[in-house]
């Protein structure tokens, strides 16, 4: 997979081409610059391991976490288990999400984004008080 040029330069500068990729419960992949991943990893390790949901999240995110390097042409090689998890077969979509990128199968992204928009428009979006006060 090739990282688009608009993302490649900032990634090269902030993390020296070092990324960590892991899975998301929505069946996409999360790509973090290495320094940002270290912070996420510290937070995950501190979750209460006796709580089943926290332990499941630790197992998913830490268990699949894989270090990758961006090559000189802006490409990364995704291991087969990660490609299978996200069902990346043909076309993919790379979405910027602040401190990370999300990599989605294009068909799944289109379905999910339509569902999220429909839920929001129907008033079904469950927004916390923090999100309700957010001004965009």
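Within segment 64-76, work out how many residues are exposed (fewer than 11 other Cβ atoms within 10 Å of the Cβ) and either free of Cβ contacts under 8 Å to residues at least 40 places away in the same chain or closer than 22 Å to residue 109 by Cα (or both). Counting residues in segment 64-76 that are exposed (fewer than 11 other Cβ atoms within 10 Å of the Cβ) and either free of Cβ contacts under 8 Å to residues at least 40 places away in the same chain or closer than 22 Å to residue 109 by Cα (or both) gives 1.
When each of 99, 110 is tested for being in a loop (DSSP other than H, G, I, E, B), farther than 10 Å from residue 28 by Cα, within 17 Å of the chain's Cα centre (by Cα) and modelled with pLDDT under 95, the lone residue that passes is 99.
So which of 89, 36 is within 18 Å of the chain's Cα centre (by Cα) and farther than 23 Å from residue 16 by Cβ?
Details: 36 fails: farther than 23 Å from residue 16 by Cβ.
The conditions single out 89.
Under the condition of being in contact with a strand residue (DSSP E or B) (Cβ under 6 Å, 6 or more places away or on another chain), more than 19 Å from residue 81 (Cβ to Cβ) and assigned to a loop (DSSP other than H, G, I, E, B), the residues counted in segment 31-71 number 0.
Look at residue 92 and say whether it is surrounded by 12 or more Cβ atoms within 10 Å (Cβ to Cβ) and without any contact (Cβ under 8 Å) to a residue 12 or more places away in the chain. When the stated conditions are applied, residue 92 does not pass them.
The values are calculated or read from the model by the stated rules, or taken from the named source; none is laboratory data. On a predicted model such as this, the values are computed, not experimentally measured, just so you know. Positions of Cβ are backbone-derived with ideal geometry, glycine not excepted, and every protein chain shown enters the neighbour counts.
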